[in-house]
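Quick note: the coordinates plus some simple rules give every number you see, no bench work behind them. Predicted model, so just to flag it, every value in this text is computed and none were measured.
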Amino acid sequence: MEIQIEGKLIQKLALESGTSARGEWKKQNFIIETVEQFPRKICVAAWTNSIPVLDTFQVGEMVCVSVNIESREFNGKWYTDVRAWRIDRPGQNPMQQPAAMPYGQPMQQGGYPQQPQMGGYPPQPQMGGYPQQGGFMPQGQPYPSQPAAPAGEVPGGAPESTNDLPF
């Protein structure tokens, strides 16, 4: 799930750092005020890799932040983290993936699929064919048709009353 928060950067808090079992870490919290009828202030954490990107923004500037929200329990109390994983200017979202990626399309440099050639979307198979009513039949063979079962029976000739399932 992707959650994006757009608003005005109103404050950058002090840089925090430390050492853990996985090495050194840095964290900088910043406050965003949403732009809506009833603005909300949200404290977001930028970790080691996101801090240089945050440094390119000035207080008062509009930002669009993609976040992960996670809660954890410690000693009977719950703590929630709002962690930034991408920080952009509104309207500039170069890293966002397309909504649907066509199956079987080669990738361009940068991870985006090439635009489909003539023939529409989704790409049509090059070999074989698809039957009109489901299942797969080799190309050139007609799809078999079955007569409808009489009322009260399921296909195959067994009456419905022998079925002991509740539905």
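Once Rg and the Kirkwood radius are both taken over the C-alpha atoms of segment 53-95, their ratio Rg/Rh works out to 1.15. Partner lysines whose Cα lies under 28 Å from the Cα of LYS8, excluding those fewer than 8 positions away in the same chain, are identified as LYS26, LYS27, LYS41. Computing Rg and the Kirkwood Rh from the Cα coordinates of segment 3-88 gives a ratio, Rg/Rh, of 0.99.
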